[in-house]
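Working notes, structure below.
The values are calculated or read from the model by the stated rules, or taken from the named source; none is laboratory data. Computed from a prediction, not measured in an experiment: that's the story for all the values here. Here the Cβ positions follow ideal geometry from the backbone for every residue, glycine too, while neighbour counts run over all protein chains shown. Just so you know, the surface numbers come from the protein's heavy atoms only, side chains and all, with ligands and any DNA or RNA stripped out. Shrake-Rupley method; radii C 1.70, N 1.55, O 1.52, S 1.80 Å.
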Amino acid sequence: MLTATPKANAILDAFVPDRQLRWLRAKKRREGVRIVCENFSLIDNPNDTLETLRKIAEADCNAVGYRIDFEDLYVLDVAPFLVFGIMREGMAPMTKGGYVKGPTRKVLEAVGLREFLRMKPFGRMKMDDVWPLPVGQRRSGGSSSSKKIALEPSTVEFQADRIAKRVNEWLGLPEEPMKLTEHGRGRLKSMVTETLNNAERHGRSEGDGEWIVAGYMARRSSEDEPHLAFTHVCHLTFLNLGRPISQTIMDGPREITEQIGRYCHLHRSSGRSAATLATVFAVQDGISRFLQNHTQPSGGTGLMDILEFANEIGRSPTAALGPKVAIVSGGSYIRFEAPYNEGFGSREDDRRLQWFNPNNNVAEPPDTDYVADLPVEFPGTLITMRFILDQSIQAAGK
């Protein structure tokens, strides 16, 4: 602790840009700091969650013996724990621990997040109601300082197979089980492959980008739906470090960048930054860094494929229990949730489009509750989702 020096870390450096200047030796640091992680979710509570993570990054610079307490009974979103895990790789040993509530502990242990977060063992726990997709990652050469974490093999193909297999297992566990068809399994693997390949292409070093995936399904007592004894809640998160979507899309062909420029100019008074508006435009079908076939989009469909996947297996008769997919990229936040939970084609165009307004009209600005600027710049892109299986089964009558 006395000899600790600031280590380079993409997230810590982004959250505290003058981190090197603010770094204090242990004897000069403040004591008695307690940081509370509550409603810790980038899906539902992005601003406060990022602010909490920023406070942790700040405490790493100037506090000693500080506590980090996790107040939520359940893991509400895997994403902030993955962000914190990357932060931990660069943090000095200045904390004195904290507490984690029981059900949250189960998920952190099962998914491999407890070790990733460098927490002490929780002890023996019964985990028969958690089905994990353990942390798997690809780090660019020499970028990981961890020597303890035993992670899954890191090839894109392996992760695509692993995720498809695990989702199929999740589908078979509720009282009225389902399973992926061969076509559905192939589509899911294709979706994961495109997402992770994009992460590698758009990383800090072209072709050597870093990504992390993790998720889980948990069986929980159903409070919102009294006719169900339990609900099965699924979480899945993809994280990559590197340039945000708003920057990578501007490497695209001129026809795409000009369209983005016109969209940003049209909504310049919407209260959203040009980067956030560019991110909204970039997630539409057929918008890619690469030239498209003029008769059919040949790329840029990955995000809409993710939405279609979440909606198909997590469709709910009630909006409150419907699937949610959130994107955090640079300083931009987008949440796909009913009534803006999927993309729709028009009579003239089969591309799936979602402009986040009641008329789904590109000429109208996006809803501020679903598209917003963030108070902290995230150095990469997160795609994180939550869906409930039982409701989709009932809605489909299966």
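What the table below lists for this structure:
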quantity: Hits in segment 91-114 - residues which are basic (Lys, Arg) and closer than 15 Å to Tyr74 by Cβ; calculated: Lys101, Arg105, Lys106
quantity: Segment 271-285 - residue that is assigned to a loop (DSSP other than H, G, I, E, B) and over 14 Å from Trp355 (Cα atoms) and, of those, modelled with the lowest pLDDT; calculated: Gly271
quantity: Pick from segment 32-42, criterion assigned to a loop (DSSP other than H, G, I, E, B) and over 17 Å from the mean Cα position of the chain (by Cα), ranking: surrounded by the fewest Cβ atoms within 10 Å (Cβ to Cβ); calculated: Gly32
quantity: Among the candidates Arg386, Arg351, residue that is in a strand (DSSP E or B) and buried (at least 18 other Cβ atoms within 10 Å of the Cβ); calculated: Arg386
quantity: In segment 94-141, the residues that are closer than 30 Å to Lys27 by Cα, under 21 Å from the mean Cα position of the chain (by Cα) and of a type outside the set (A, V, I, L, M, F, W, C); calculated: Arg114, Glu115, Arg118
quantity: Selection within segment 9-31 - assigned to a helix (DSSP H, G or I), of a type outside the set (S, T, N, Q) and open to solvent by 60 Å² or more (accessible area, probe 1.4 Å); calculated: Leu21, Arg22, Lys27, Lys28
quantity: Residues of segment 319-337 classified as in a strand (DSSP E or B) and either of a type in the set (A, V, I, L, M) or modelled with pLDDT under 90 (or both), total; calculated: 5
quantity: Residues of segment 65-77 classified as part of a loop (DSSP other than H, G, I, E, B), over 18 Å from the mean Cα position of the chain (by Cα) and crowded, with 17+ Cβ neighbours inside 10 Å, total; calculated: 0
quantity: Neighbours by Cβ (under 9 Å, 6+ apart or cross-chain): first from segment 121-138, among the basic types (Lys, Arg); second open to solvent by less than 30 Å² (accessible area, probe 1.4 Å) and assigned to a loop (DSSP other than H, G, I, E, B); calculated: Arg138/Gly209
quantity: Sole residue being under 23 Å from Arg105 (Cα atoms) and either modelled with pLDDT of 95 or more or not aromatic (Phe, Trp, Tyr) (or both), chosen from Asp77, Asp60, Asp18; calculated: Asp77
quantity: Filter result for Asp128 (open to solvent by 50 Å² or more (accessible area, probe 1.4 Å) and acidic (Asp, Glu)); calculated: yes
quantity: Where a residue in segment 43-64 is open to solvent by 10 Å² or more (accessible area, probe 1.4 Å) and its partner, wherever it lies, is of a type in the set (D, E, K, R), with Cβ under 7 Å and at least six apart; calculated: Asn62/Arg22; Asn62/Arg29; Asn62/Arg30; Val64/Arg29; Val64/Glu31
quantity: Test: residue in segment 105-116 that is at positive phi, in a loop (DSSP other than H, G, I, E, B) and touching a residue at least 24 places away in the same chain (Cβ under 8 Å); calculated: yes
quantity: Residue pairs meeting the criteria (Cβ under 8 Å; at least 6 apart or on separate chains; first of a type in the set (D, E, K, R), in segment 262-278; second surrounded by fewer than 20 Cβ atoms within 10 Å (Cβ to Cβ) and assigned to a helix (DSSP H, G or I)); calculated: Arg268/Ala274
quantity: Unique residue being in contact with a Pro (Cβ under 9 Å, 6 or more places away or on another chain), of a type outside the set (Phe, Trp, Tyr) and touching a residue at least 40 places away in the same chain (Cβ under 8 Å) when the list is Ala4, Ala26; calculated: Ala4
quantity: Restricting segment 78-121 to residues that are crowded, with 20+ Cβ neighbours inside 10 Å and among the hydroxyl-bearing types (Ser, Thr, Tyr), the residue that is nearest to Pro379 (Cα to Cα); calculated: Thr95
quantity: Residue within segment 135-154 that is at pLDDT 85 or above and open to solvent by 40 Å² or more (accessible area, probe 1.4 Å) present; calculated: no
quantity: Any hit, segment 356-371, residues being part of a strand (DSSP E or B), open to solvent by 20 Å² or more (accessible area, probe 1.4 Å) and among the aliphatic types (A, V, I, L, M); calculated: no
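Matching residues to (1) surrounded by 19 or more Cβ atoms within 10 Å (Cβ to Cβ); (2) modelled with pLDDT of 85 or more; (3) part of a loop (DSSP other than H, G, I, E, B):
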| site | (1), (2), (3) |
| --- | --- |
| Glu225 | no, no, yes |
| His232 | yes, no, no |
| Leu236 | yes, yes, no |
| Leu239 | yes, yes, no |
| Ile256 | yes, yes, no |
| Gln259 | no, yes, no |
| Arg262 | no, yes, no |
| His265 | no, yes, no |
| Ser269 | no, yes, yes |
